[in-house]
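Below: the structure, in structure tokens.
Every read-out reported here was derived from the displayed coordinates using simple, explicitly stated rules and does not represent laboratory data. In this text the structure is predicted, and so the values were computed from the model without any measurement. As a convention, Cβ positions derive from the backbone with ideal geometry for all residues, glycine included, and neighbour counts pool all protein chains shown.
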Amino acid sequence: MALYSEKVMDHFNNPRNVGIIEDADGIGEVGNAKCGDIMKIYLKIDGDIISDVKFKTFGCGSAIASSSMATELIKGKPLSQALELTNKAVAEALDGLPAHKMHCSVLAEEAIRAAIKDYYDKNGIEYDKILFPDPHGEEEHHFEED
Ligand code: FES
């Protein structure tokens, strides 16, 4: 069996929703300290709906495929649904990732969560802190804009 599914290869070769949203309502940036990969997600939010989403990922093929699939899964969806998106669901939608690449899908889940939290924070919207655990503590990640 090939290491990567056709879907992974497709989303890696033709990633959906790549780019940035200049006037994003929420931006989430996360990184994995071990591999050094960084993912940034931009959300445009209309009412409670994610009307647009874009990503920039400085990372491996699985991270790019995960970002692409994750953006497809949350586009046009309510925030509550996006908050429920797990890395497992992203990996499943890609027809699986090798075990040692599952952490790449975790970045997608975390970046979306971070972008929603950013939106809530910027707009003074109250939320249950339990929804946004900080899995890595305070880590410094910088992502250069073009
Ligand atoms: Fe780190 Fe894929 S190897 S995100």
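Our compactness index for the stretch 1-49, the C-alpha radius of gyration over the empirical 2.2 N^0.38 Å, is 1.51.
Of K40/K129; K44/K88; K7/K117; K56/K77; K101/K129; K44/K75, which ones are farther than 18 Å apart at the Cα? Those over the limit are K40/K129; K44/K88; K7/K117; K56/K77; K101/K129. One way to sum up the overall shape of the chain is the equivalent ellipsoid from its Cα gyration tensor, whose semi-axes run 23, 16, 15 Å, largest first.
The sum of -39500 (n - 2.57) across all DSSP H runs of n ≥ 4, divided by the residue count of the chain, sets its helix-only mean residue ellipticity at 222 nm to -11500 deg cm²/dmol. Computed packing ranks the peptides 17-25, 52-60 as 52-60, 17-25, most packed first, by mean other Cβ atoms within 10 Å.
Contact order for the chain, expressed relative to its length and based on alpha carbon pairs under 8 Å spaced 6+ residues apart, stands at 28 percent.
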